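The structure appears right after this line, and notes come after that.
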């Protein structure tokens, strides 16, 4: 048995993939969830995990009950897509992880992994809360090793319906008459979920080489215009269904969001230097995601 990892967000998209991979790598995995969390993504491995319902136990409980939690990996987040108010977003993205890292320091945890975004701080309440937490963890790096992963546009099977890629595929599969979009000239780096998980594992395996505070941009290094991505996805859905998707793409029908970045500034060299590299090409990743969605129909 390797070290003990405390993982938040294990019932979510990224967290569920990480939980399975950590178990495969031989780590003892403790997860924090709510008693009412939908566990469909981890139902097959739940018996292999140690779990605490944070609405029934204090956040200190897992630290007290286990001899040593070596690593905390924090992936839980609230995007605000379900009409959550600001206080709920701040509670999930700032106050909860602050309590988590305080306990990690108190109980001598070695390393704290934070899941961040490459998006602009003042884009919305989600990004603001995420960036505010990053400012706080820099202070904690004097007491615990911090690794901050800034993830670009992550996608893949089992993602939430509210996410752009999953929503877009669903619209095509349902043969919507029209999809209203922005002009689509903004560029984004779409990275497949397996490559993101591989980045976490590679950093985890090399953390002794890292300083007390490290940041990594997690992306493929290849950016594509949203317009081209949408067209590619439509073509791939048509190919898999073996019929033309006739959905009309109305580019320019919607304005850009206030503060929208037209291009993401990213530097994946530090990750490449650790020996990580993205393995799933965009076309293949889209294909895998579509096939999974088709099987659900």
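Below are the figures for this structure:
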quantity: Residue 64 more than 18 Å from the chain's Cα centre (by Cα) and loosely packed, with under 14 Cβ neighbours inside 10 Å; calculated: yes
quantity: Matching entry among 88, 67, 20, 43 (being over 24 Å from residue 146 (Cβ atoms) and modelled with pLDDT under 95); calculated: 88
quantity: Test result for residue 109, assigned to a loop (DSSP other than H, G, I, E, B), closer than 21 Å to residue 19 by Cα and touching a strand residue (DSSP E or B) at 6+ places or on another chain (Cβ under 9 Å); calculated: yes
quantity: Candidates 179, 169, 191, filtered to the one that is closer than 12 Å to residue 230 by Cα, in contact (Cβ under 8 Å) with a residue 24 or more places away in the chain and not in a helix (DSSP H, G or I); calculated: 179
quantity: Restricting the stretch 237-277 to residues that are surrounded by fewer than 13 Cβ atoms within 10 Å (Cβ to Cβ) and touching a helix residue (DSSP H, G or I) at 6+ places or on another chain (Cβ under 7 Å), the residue that is farthest from residue 189 (Cα to Cα); calculated: 244
quantity: Residues (touching a helix residue (DSSP H, G or I) at 6+ places or on another chain (Cβ under 9 Å), more than 30 Å from residue 285 (Cα to Cα) and not in a loop (DSSP other than H, G, I, E, B)) located in the stretch 117-145; calculated: 132, 133, 136, 137, 140, 145
quantity: The stretch 89-106 - residue that is out of contact with any strand residue (DSSP E or B) (no Cβ under 6 Å at 6 or more places or on another chain) and within 14 Å of residue 71 (Cα to Cα) and, of those, surrounded by the most Cβ atoms within 10 Å (Cβ to Cβ); calculated: 100
quantity: Residue under evaluation residue 148, criteria (1) under 26 Å from residue 292 (Cβ atoms); (2) crowded, with 17+ Cβ neighbours inside 10 Å; (3) touching a helix residue (DSSP H, G or I) at 6+ places or on another chain (Cβ under 7 Å), criterion not met; calculated: (1)
quantity: Where residue 114 falls short, out of the listed (1) more than 28 Å from residue 292 (Cα to Cα); (2) assigned to a helix (DSSP H, G or I); calculated: (2)
quantity: Wholly within the stretch 205-297, helices (runs of 4 or more DSSP H) carrying at least 3 residues that are more than 19 Å from the chain's Cα centre (by Cα), under 23 Å from residue 193 (Cβ atoms) and in contact (Cβ under 8 Å) with a residue 24 or more places away in the chain; calculated: 226-241, 282-296
quantity: Filter result for residue 290 (touching a helix residue (DSSP H, G or I) at 6+ places or on another chain (Cβ under 9 Å) and either surrounded by 12 or more Cβ atoms within 10 Å (Cβ to Cβ) or at pLDDT below 95 (or both)); calculated: yes
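The values are calculated or read from the model by the stated rules, or taken from the named source; none is laboratory data. On a predicted model such as this, the values are computed, not experimentally measured, just so you know. Virtual Cβ from ideal backbone geometry, glycine too; neighbours counted across all protein chains shown.
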